[in-house]
């Protein structure tokens, strides 16, 4: 597996972390470092706002680089209002832009387990397994896991 240097460590003035942008179009692209993802993919489905956590995005891009195939994100940042509407937990990593839900339908059990190992190696520490809904939640919060494994 490739080792990826955290890109944002090279850009200490990167304007993203902690800032909420009104829409994908309002995200400044001069510092955009994650070539396989767009602000539109990361927006809250509730109100279209975008928030980026650079360390989590670095981990997501490293995971994508190592996986070698596109990742279908079903959820990334959620505004607090949208998180409440979808029944997300109060302290959800999605609200901090530190979580991603990835569609794994069509993946074999071996692919799912390989993906999880790669995610750990890239810095993800929280895992939710949603077998019936065919997605995996990954985040950079505290180490934990929930749900029914594949």
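The values are calculated or read from the model by the stated rules, or taken from the named source; none is laboratory data. Model, not experiment: these values are computed from the prediction. With ideal geometry, Cβ positions are generated from the backbone for all residues, glycine too; neighbour counts draw on all protein chains shown.
Couple of notes before you dig in:
- Selection within segment 123-139 - within 17 Å of residue 98 (Cα to Cα), part of a loop (DSSP other than H, G, I, E, B) and in contact with a strand residue (DSSP E or B) (Cβ under 9 Å, 6 or more places away or on another chain): 124, 125
Listed here are the residues, each with its yes/no results for (1) assigned to a loop (DSSP other than H, G, I, E, B); (2) surrounded by 17 or more Cβ atoms within 10 Å (Cβ to Cβ); (3) at pLDDT below 95.
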{"position": "89", "(1), (2), (3)": "yes, no, yes"}
{"position": "101", "(1), (2), (3)": "no, yes, no"}
{"position": "105", "(1), (2), (3)": "yes, no, no"}
{"position": "110", "(1), (2), (3)": "no, no, no"}
{"position": "119", "(1), (2), (3)": "no, yes, no"}
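- Among residues of segment 136-150 being surrounded by fewer than 21 Cβ atoms within 10 Å (Cβ to Cβ) and in contact (Cβ under 8 Å) with a residue 40 or more places away in the chain, the one that is nearest to residue 42 (Cα to Cα) is 141.
- Residue match in segment 73-86 (condition: under 30 Å from residue 110 (Cβ atoms), modelled with pLDDT of 95 or more, in a loop (DSSP other than H, G, I, E, B) and touching a strand residue (DSSP E or B) at 6+ places or on another chain (Cβ under 7 Å)): yes
- Looking across segment 75-84, the residues that are surrounded by fewer than 16 Cβ atoms within 10 Å (Cβ to Cβ) and in contact (Cβ under 8 Å) with a residue 12 or more places away in the chain come down to 80, 81.
- In this structure, residue 47 does satisfy being closer than 29 Å to residue 22 by Cα, part of a loop (DSSP other than H, G, I, E, B), modelled with pLDDT under 95 and touching a helix residue (DSSP H, G or I) at 6+ places or on another chain (Cβ under 7 Å).
- For residue 57, the criteria (1) surrounded by fewer than 21 Cβ atoms within 10 Å (Cβ to Cβ); (2) out of contact with any strand residue (DSSP E or B) (no Cβ under 8 Å at 6 or more places or on another chain); (3) under 18 Å from residue 121 (Cβ atoms); (4) without any contact (Cβ under 8 Å) to a residue 60 or more places away in the chain hold in every case but one, which is (1).
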